[in-house]
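Engineer: Structure incoming, see below.
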Amino acid sequence: MPKNTEFPEPIRRLPPLAGHDGTLKLDAEGCDVVFATYTAGTVLEPHHHETDNVGVVTRGAILLTMEGKSERLGPGDWYHVPAGTIHAAEFLEDTTEVEFWFHN
């Protein structure tokens, strides 16, 4: 699946997020908006962010693990990862999502 084809043309013109293949980033005051595409089987190892992250799955499925609990998320499901929280993700299907990274 070609990266980012699920997003409208104006979004596909956004610059890529450094070090994240298939991810585009819109910088805004107080919040970055990230448009991400992941292929099935992609695993994000445990990590944390300095930002308060809120996201919504637009297509596919994610297994999000946070604080020892795993939850399967699908289209229309929102999630919240508080700043500093260790979390991991496994993309169970080809997945697109939109994330909002709120700066503290």
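Engineer: Which values, in whole Å and largest first, are the semi-axes of the equivalent ellipsoid of region 1-51 obtained as the square root of 5 times each eigenvalue of the Cα gyration tensor? Mind dumping the intermediate values first?
Structural biologist: Working: eigenvalues 67, 65, 11 Å².
Rounded to whole Å, the semi-axes are 18, 18, 8.
Engineer: Which of (i) 0.96; (ii) 1.62; (iii) 1.01 is the computed Cα Rg over 2.2 N^0.38 Å for the structure on display?
Structural biologist: (iii)
Engineer: How would GLU97, GLU50, GLU45 line up from fewest to most surrounding beta-carbon atoms within 10 angstrom? Working shown, then result.
Structural biologist: On the way: GLU97 24, GLU50 9, GLU45 6.
Final ranking by Cβ density, sparse to dense: GLU45, GLU50, GLU97.
Engineer: Hey, another quick one. Please give the calculated 222 nm ellipticity per residue for the chain, where each DSSP H segment of at least 4 residues contributes -39500 (n - 2.57) and the sum is spread over every residue; nearest 500 deg cm²/dmol?
Structural biologist: Working: 1 runs with 4 residues, N = 104.
Roughly -500 deg cm²/dmol at 222 nm, from the helical runs in the chain.
Engineer: In percent, what relative contact order does the chain have, based on Cα pairs under 8 Å that are 6 or more apart in sequence?
Structural biologist: Numbers: 250 pairs, mean separation 34.0, N = 104.
Relative CO of the chain lands at 33 percent.
Engineer: Next question. If you put +1 on each Lys and Arg Cβ and -1 on each Asp and Glu Cβ, how big is the dipole of the chain around its Cα centre, in Debye rounded to 20? Don't jump to the answer; show the numbers that get you there.
Structural biologist: Working: 7 positive and 17 negative charges, 45 e Å.
My answer is approximately 220 debye.
Rule-based calculations on the coordinates, nothing more; no lab input. Not measured: the values here are computed from a predicted model. A quick note on method: Cβ atoms are made from the backbone with ideal geometry, for glycine too, and the neighbour counts reach across all protein chains shown.
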